[in-house]
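The structure appears right after this line, and notes come after that.
The values are calculated or read from the model by the stated rules, or taken from the named source; none is laboratory data. Everything numeric in this text was worked out from a predicted model, so none of it was measured. So basically every Cβ, Gly included, is an ideal-geometry build from the backbone, and we count neighbours across all protein chains shown.
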Protein chains: 2
Amino acid sequence: MVELDPYLRQHAAELEAAAERIRPYVRRTPLLTTDLDPRLRLKPECFQRTGSFKARGAFNAVLRLCDERPETRGVIAVSSGNHAQALALAARTAGLPAVLLIPHDANPAKVAATRAHGAEVIQDGVTFENREERLRQVTAERGLTVVHPFNDWDIIHGQGTAALEMLDDDGEIGIIAVPTGGGGLLSGTALTAAVRNRRIRVIGVEPEVADDARQTLRAGAIQTLDRAPDTIADGVRPTAIGSRNFEVMVERGLIEDIVTVTEAELQDTLLRAWLDLKLAIEPTAALPLAAFLAGRLPDDGRPIGLILSGGNASPQLVADLLRARPAS
Amino acid sequence: MVELDPYLRQHAAELEAAAERIRPYVRRTPLLTTDLDPRLRLKPECFQRTGSFKARGAFNAVLRLCDERPETRGVIAVSSGNHAQALALAARTAGLPAVLLIPHDANPAKVAATRAHGAEVIQDGVTFENREERLRQVTAERGLTVVHPFNDWDIIHGQGTAALEMLDDDGEIGIIAVPTGGGGLLSGTALTAAVRNRRIRVIGVEPEVADDARQTLRAGAIQTLDRAPDTIADGVRPTAIGSRNFEVMVERGLIEDIVTVTEAELQDTLLRAWLDLKLAIEPTAALPLAAFLAGRLPDDGRPIGLILSGGNASPQLVADLLRARPAS
């Protein structure tokens, strides 16, 4: 066992604590092999509670909050996606109120799922532009604690538990690729890989039209997209990574690279996942598989682990893709 | 450990031998829990090699044949579905020629998949009506060995390994429900349950329009449908179970019941599997889940294991169902 530096030693302890803390509440997803390629190891977080890996970070953040600040009056976040559902479930499980600010034009199915987990949803007058201001306002009025979807150490350590399980299931894995939006999953995975085995190469995958993290890595400073990107991968629409994610990914150099895939590659891959792999994943989860199929991941002969981040796909989108596919 | 009678002792040995024999060639599928119901344990054979549990029986039959009759000149079967692909792969793996008779109007995608596994496919002039006669003819001409899709002990023991793995993963399971067509999976599962724990209740599930096994159980004699049933569950279209399946299921009384589901229930369940469980299963695999959702499985508080038999769904069918679903 190589001695870890103090930075990684601290994160190793936090990752192990996160795994312990959330174990009773999240699902230990399996590691799958497939007929597609013998090198692949798939971590299907579509089977995770609430349908995405976001449950890991949300439970870690909420449970820790309850332990360390029992006086808290509840949690709040801005999200129209998987973090909203995950935070709602974690808060309800912990007996805490949860408030989610969701832009008024968000997908009604995701709003309904968030409400179904017992959260209060505020949509009136919330827009993509004013959401951060509204967040500050409601947070102050109600005395709530903000749980940021990615720029938060408890979230990062929670997300890192997916890779912990992956490496426990197959210690030979040499490359891990994950979808990259705000960088929560990528930085958590990078920390896990670094504390487990520094020879593991961690790769982030972005849509070509949302390549701010790639630009950030190249520039050595956080780059921000001009506007929300137009991609079917709706889980990676943040316009910039967070400062903590930047610290892990760039300042500490714990990832090897960020690669991109086109929307057409993503669509083809989504259909292959559904029809060939029998995994009903969401477009965001298809990012690392698309990068593998396009030959953009490194290959050094060791098994390649892909974290398929979630399964909350739009049925309409999938129906359209199935209809439009070339006849087989 | 209760002492087994000689009949079950023999089958216990065959089941263990099958598991050992096929282990290097088939995939050990995981056992999944879901957000749907805490009692459920799902065995997703959609992730099995060739996309269905049929690989288990096919590998067991072919590998045993190679051991015991090394002079064999190849294998042959009539099938337009999952048995065809599984037998083709098993034969290619063992270095044996495989010939599949597939009715001329079968799904071209399944024919292509069978050919892709290296099998010779004969379609010219093969109809649903004359297929058994053509089988005898080609078998005699070429000196091949018939591997029946369900009325064959090696097939039955191979299929029984899915339940072996299920019970190894969760020894508390008290009820197991599986799709029922020719009865290969059901009789294999019934033998496994009987040798492991006589208190496990094994239930077969059929489409209401293809309830010959249910009639057979009620009548105590094999009942045959007048014609191939019109069901979306294309894996359970045999018009009658086999004599060996009858022996296990009815004569030995190793199953508790056979229940049915309607086509509408099956369609709804297929969509729930894809959209809520994120499992891209085929209609046949939705049978036990449909029976659970309709309240037709027994419930004694113990976990309920469902074998989701495969994932080779028609993309067109799924696209149509997604389009037609009520808006959410």
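Data table
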| read-out | value |
| --- | --- |
| One residue from A:263, A:256, A:206 being among the acidic types (Asp, Glu) and touching a residue at least 60 places away in the same chain (Cβ under 8 Å) | A:206 |
| Hey, residue A:19 among the small types (Gly, Ala, Ser) and in contact (Cβ under 8 Å) with a residue 12 or more places away in the chain or not | yes |
| Flag for residue A:255 being in contact with a helix residue (DSSP H, G or I) (Cβ under 6 Å, 6 or more places away or on another chain), within 28 Å of residue A:10 (Cβ to Cβ) and among the hydrophobic types (A, V, I, L, M, F, W, C) | yes |
| Among the residues listed as A:189, A:239, the single one being among the hydroxyl-bearing types (Ser, Thr, Tyr), outside the structural domain of residue A:61 (by TED's automatic domain parsing) and in contact with a Pro (Cβ under 8 Å, 6 or more places away or on another chain) | A:239 |
| Qualifying positions in the range A:305-322 - over 11 Å from residue A:232 (Cβ atoms) and surrounded by fewer than 24 Cβ atoms within 10 Å (Cβ to Cβ) | A:315, A:316, A:319, A:322 |
| Positions within the range A:156-172 being among the acidic types (Asp, Glu) and either within 16 Å of residue A:201 (Cα to Cα) or in contact with a Ser or Thr (Cβ under 6 Å, 6 or more places away or on another chain) (or both), in sequence order | A:170, A:172 |
| Cβ pairs under 7 Å, 6+ apart, first in the range A:136-153 and on the phi > 0 side of the Ramachandran plot, second in a loop (DSSP other than H, G, I, E, B) and modelled with pLDDT under 95 | A:143/A:73 |
| Matching helices (runs of 4 or more DSSP H) fully within the range A:221-328 where at least 3 residues are closer than 16 Å to residue A:206 by Cα and at pLDDT 95 or above | A:263-275, A:287-293 |
| Any chance residue A:36 is crowded, with 16+ Cβ neighbours inside 10 Å and of a type in the set (A, V, I, L, M) | no |
| Flag for residue B:118 being buried (at least 21 other Cβ atoms within 10 Å of the Cβ), touching a residue at least 12 places away in the same chain (Cβ under 8 Å) and in contact with a helix residue (DSSP H, G or I) (Cβ under 8 Å, 6 or more places away or on another chain) | no |
| Matching option when the condition is hydrophobic (A, V, I, L, M, F, W, C), closer than 30 Å to residue A:136 by Cβ, buried (at least 24 other Cβ atoms within 10 Å of the Cβ) and in the same structural domain as residue A:237 (by TED's automatic domain parsing), among A:84, A:18, A:61 | A:18 |
| Residue check for residue B:21: within 16 Å of the chain's Cα centre (by Cα), of a type outside the set (S, T, N, Q) and assigned to a helix (DSSP H, G or I) | no |
| In the range B:287-328, the residues that are within 13 Å of another protein chain (Cβ to nearest Cβ), hydrophobic (A, V, I, L, M, F, W, C) and more than 20 Å from residue B:171 (Cα to Cα) | B:313, B:317, B:318, B:319, B:321, B:322, B:324, B:327 |
| Hits in the range B:271-286 (condition: within 11 Å of chain A (Cβ to nearest Cβ) and either under 13 Å from the mean Cα position of the chain (by Cα) or buried (at least 24 other Cβ atoms within 10 Å of the Cβ) (or both)) | B:273, B:274, B:277, B:278, B:279, B:280, B:281, B:282, B:285 |
| Index of the failed condition, residue A:243 passing every other in (1) among the hydroxyl-bearing types (Ser, Thr, Tyr); (2) surrounded by fewer than 24 Cβ atoms within 10 Å (Cβ to Cβ); (3) under 30 Å from residue A:5 (Cβ atoms); (4) within 14 Å of another protein chain (Cβ to nearest Cβ) | (4) |
| Where a residue in the range A:22-33 is of a type outside the set (A, V, I, L, M, F, W, C) and its partner, wherever it lies, is in a loop (DSSP other than H, G, I, E, B), with Cβ under 7 Å and at least six apart | A:27/A:48; A:27/B:33; A:29/A:48; A:30/B:30; A:33/B:27 |
| Residue tally, condition at pLDDT below 95 and surrounded by 13 or more Cβ atoms within 10 Å (Cβ to Cβ), over the range A:140-152 | 1 |
| Within the range B:96-125, tally of residues that are within 19 Å of residue B:227 (Cβ to Cβ) and in contact with a His (Cβ under 6 Å, 6 or more places away or on another chain) | 0 |
